[in-house]
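**Q** The structure is given below, and queries will be raised subsequently.
The values are calculated or read from the model by the stated rules, or taken from the named source; none is laboratory data. Model, not experiment: these values are computed from the prediction. Ideal geometry is used to build each Cβ from the backbone, glycine not excepted, and the neighbour counts take in all protein chains shown. Please note that ligands, DNA and RNA were not included when accessible areas were found on the heavy atoms of the full protein model with its side chains. Shrake-Rupley method; radii C 1.70, N 1.55, O 1.52, S 1.80 Å.
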Amino acid sequence: MNYIKHLLFVALMLWAATPVLAAEEEGEKLDISHIVLEHIKDSYGWHITDIGKGEDTRPVVIPLPCIVKSSTGWHVFSSSQFPHHADADGYSKGPFNLAIPAHGPNEGKIVELVGGEEKRPFDISITKTVATMLICVIVLLMCILIPARWYRRHKASDPAPGGFTGFVEMLVMYVVDDIIKPGVGKGYERYCPYLLTCFFFIFTCNVMGLIPFPPGGGNVTGNIAITFFLALCTFVIVQFSGNKHYWKDIFWPDVPLALKAFPLIPAIEFVGIFTKPFALMIRLFANIMAGHAIAISLVCIIFLVATKAMGVFLGMSAVSIIMSIFMSTLEVLVCFIQAMVFTMLSAIFIGLARHEPEHE
């Protein structure tokens, strides 16, 4: 059964890389960096594959709703109104004088063309990342509501649940008992809803990102805007949870008076307030994005050596497939570890802000 899963994964990865194979067949030079970035960046449509070759290539894309406010007002339309290929000016021009540049600082984003210049409108479109995040939220709600329904129908004295409900309960108890409680300490109960939400949301988004076709494939936690918001939430909770000892250790620490007169230590402690959430943001973003980039790069090896000698092609293809299977297995583990690390560090930061000094 595991062999079937591995072969299915490789087939899906090869299917996702169909544009790469088409380019190789036409003799075009492969731009690996562009291919990798194309797969991990956000977009206004859910690109599945391309049909045909050369000028007859037709993309198979699931359009998503575009919601923008330009100089002419609010506009809601389908992303299918933007052509897949850019024109001679480098724009995929759509309605209401809007376009998507193929190059430049606004590459891949909706802009308004005013007098030949690009102007960014107020954009709240449902992009691939947003759509994947909404699907993850629905999945997460189902994972919580199904066990909640079981608990409403049973008493505390009844036998422990099994199956899916039992698995969710086991995972929740693991996070609470082994991550939240040791990190936060006394009074951890009030922080459980937020920290459990962080864990399950990040874990669900990470797993959905491993699926190379809709409704998966969105690089949610590999988007720095998402990790920034999660880190910002932790930052706000930590500051509002801080007691007087937390702020005293920052602005008036127990160090020699000379160091207090020359506020080097307080300055370092104050900077530490912001470096902690910054580390949370970068750690999650970099690990998830790097995992996607490495997996796609390993698949691209096959197409880079497609024109080489048969021995080289077969040998490197075998290496690429083996490494892709290894990376897919490792990525499943990383999905869980990154959710656990973010939750654990958030719990520790909250616990440090609430720490009471021991009385001698």
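**Q** With label points built 7 Å along Cα→Cβ from the Cα atoms of Thr275 and Ile322, find their separation and express it in nm.
**A** About 4.2 nm separates the two model spin labels.
**Q** Okay, moving on. Using just the Cα positions, wrap the range 105-229 in a convex hull and report its mean projected area in square nanometres, one decimal place.
**A** The Cα convex hull of the range 105-229, projected and averaged over all directions, gives 11.3 nm².
**Q** Would you kindly state how much longer the chain becomes between Ala267 and Phe164 on full extension, computed as 0.36 nm times their sequence separation minus their alpha carbon distance, in nm to one decimal?
**A** Here the answer is 32.1 nm.
**Q** Mind checking Rg over Rh on the range 40-176, alpha carbons, Kirkwood formula for Rh?
**A** That ratio is 1.22, to two decimals.
**Q** Return one whole number: the accessible area per residue of the range 143-302 in Å², for a 1.4 Å probe.
**A** Working: 8700 Å² over 160 residues.
In whole numbers, the range 143-302 has 54 Å² accessible per residue.
**Q** So for Arg153, Arg120, Arg354, what's the accessible-area order with a 1.4 Å probe, most first?
**A** Numbers: Arg153 160, Arg120 105, Arg354 60 Å².
Solvent-accessible surface, decreasing: Arg153, Arg120, Arg354.
**Q** Based on the Cβ-Cβ distance from Val76 to Ile138, what FRET efficiency comes out when R0 is 35 Å, to the nearest 0.05?
**A** Using R0 = 35 Å, I get an efficiency of 0.95.
**Q** Right, here's the next one. Within a Cβ distance under 14 Å of Tyr151, other residues only, what is the Lys/Arg minus Asp/Glu net charge? Working shown, then result.
**A** Numbers: positive: Arg149, Arg152, Arg153, Lys155; negative: Asp158, Glu169.
My count for the surroundings of Tyr151 gives +2.
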